[in-house]
Amino acid sequence: KPQQKKNRHCAIIMSRRSKKQQRQTKTAKAWAPPSSEAQRRVALGKFFRPVALVAACQEIPPQPRFCQECSSKENSDYEGSKYNGQQQQYQLRQQQESSIKNSLCACCPHSTHQPGYFVPKTRPKPGEWLADGMPGESERKGQSYKDFLAFWRRKPSPTCQTIYLCNLDEDATVTTKSDETAAQQKIMKVLRSFVQAYFQMPCRIMEPLTHTERKKLVGRNNPFDSQFQLLTGPIDSILSQRLQQHPGAFAVAGVTLVDLYPDEYWIGQAMPDKGVGIFSFARYSEAFYNRLPASGNSANHLAWPKDPLGNSGDQLLLLRAMKTLAHELLHLLGLAHCVYYQCVMNGSNGLEESDASPLHLCPVCLRKLHHSVAWTGQPLDITRRYHNLSLGMKQLGLLQ
């Protein structure tokens, strides 16, 4: 009898649990990113204000007012000179604020949000990166600043802080300088300047691949569209060896206009434990989808943009390349995909979703970058960073 009573009691408890689980399943809502400001502040951490314009910067001094109650001429002259100095300081800070505001979101022509504001991440649509059944479903938890500090990652140092860019399409055996080689070198210089302004770390262009290294590359024709592709594994090995040959190098990113595999839709790949990243902006070009099938050799790649400053199509390709390059290099610093705001660290499941993401960092990811760059011995000056980015975008015609 005691055993029967115990079995009956256990059966009642199990039935109640199953009914409770059924009710929770019926009332379960679709996943949504953190919607409240309090949740985003928890992800940001303490002692770092999530303000769009003056994040980690000094506050703009209040508007000074001249005291006209002084009857003495000497005191009046002193107060007047003091007022003029405060007024100049106030105007300077206002100019810096407007420069930051213009450069925050103006580099994202496909986004609909107003410049100067961080926009929270919205509920994903079917087929997007964070939707059910998509690759981002496992990353919905996000990486808070506290999680970032606990995550093991390679850190730059005062003696190891240089970022290298390697053009995988340039051939070191070719001595004559063609128009395409000149276009490649021009784009690489633009990307180098962008990386220096974005990360405030030194950036250099690495020597092109030698003939021996090119023999190690493995390619194929895509079984879906017959376009030529390069395997990322051999490129990873080559860049890892080159990284060890440069003592002051922190990371190296390989840049190519040839499509990559083993994945069908592979734009970039980052290996934070090695400090190596590879990215291709072949699928960012409209010519990729309009050209004929490749002939089966690595020389058959898309033509590099010859006029990125005047052609709107080349400007769009360059902007997409900047986003991907910043995204992959931030992965090398240990940053995971962002689920809190519209940010350059958002994942993407297609070209349309990638275009909708901005070029700037959200407050959570900006603090992570601020912490990472501090290991070099020179803390990140966010005001100067936004100012340099604004000037660079104006020169490229990407800042309206």
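The values are calculated or read from the model by the stated rules, or taken from the named source; none is laboratory data. Keep in mind that this is a model prediction, so the values were computed, not measured. Note that we place each Cβ from the backbone using ideal geometry, even for glycine, and neighbour counts take in every protein chain shown. Surface areas here come from the heavy atoms of the whole protein model, side chains and all, with no ligands, DNA or RNA. Shrake-Rupley method; radii C 1.70, N 1.55, O 1.52, S 1.80 Å.
In segment 342-366, the residues that are within 20 Å of Leu149 (Cα to Cα) and free of Cβ contacts under 8 Å to residues at least 12 places away in the same chain form no Cβ pair under 9 Å with any partner that is of a type in the set (Asp, Glu) and in a loop (DSSP other than H, G, I, E, B), whether six or more places apart or across chains. Across segment 331-365, the qualifying residues are those that are in a helix (DSSP H, G or I) and in contact with a His (Cβ under 8 Å, 6 or more places away or on another chain), and the one among them that is most open to solvent (accessible area, probe 1.4 Å) is Ala356. The residue list Gly275, Gly248, Gly254 contains one member that is on the phi > 0 side of the Ramachandran plot and at pLDDT 90 or above, which is Gly275. Taking segment 379-400 as the range and being under 25 Å from Gln143 (Cα atoms) and either open to solvent by 50 Å² or more (accessible area, probe 1.4 Å) or not in a helix (DSSP H, G or I) (or both) as the test, the residues that pass are Pro379, Leu380, Asp381. Arg153: surrounded by 13 or more Cβ atoms within 10 Å (Cβ to Cβ), of a type in the set (Lys, Arg) and either touching a strand residue (DSSP E or B) at 6+ places or on another chain (Cβ under 8 Å) or within 23 Å of Lys274 (Cα to Cα) (or both), yes or no? For Arg153, the condition - surrounded by 13 or more Cβ atoms within 10 Å (Cβ to Cβ), of a type in the set (Lys, Arg) and either touching a strand residue (DSSP E or B) at 6+ places or on another chain (Cβ under 8 Å) or within 23 Å of Lys274 (Cα to Cα) (or both) - is met. Among the residues of segment 134-148, is there at least one that is surrounded by fewer than 12 Cβ atoms within 10 Å (Cβ to Cβ) and over 21 Å from Thr210 (Cβ atoms)? Yes, that holds for at least one residue.
For segment 198-243, residues that are in contact (Cβ under 8 Å) with a residue 60 or more places away in the chain and open to solvent by 60 Å² or more (accessible area, probe 1.4 Å) total 1.
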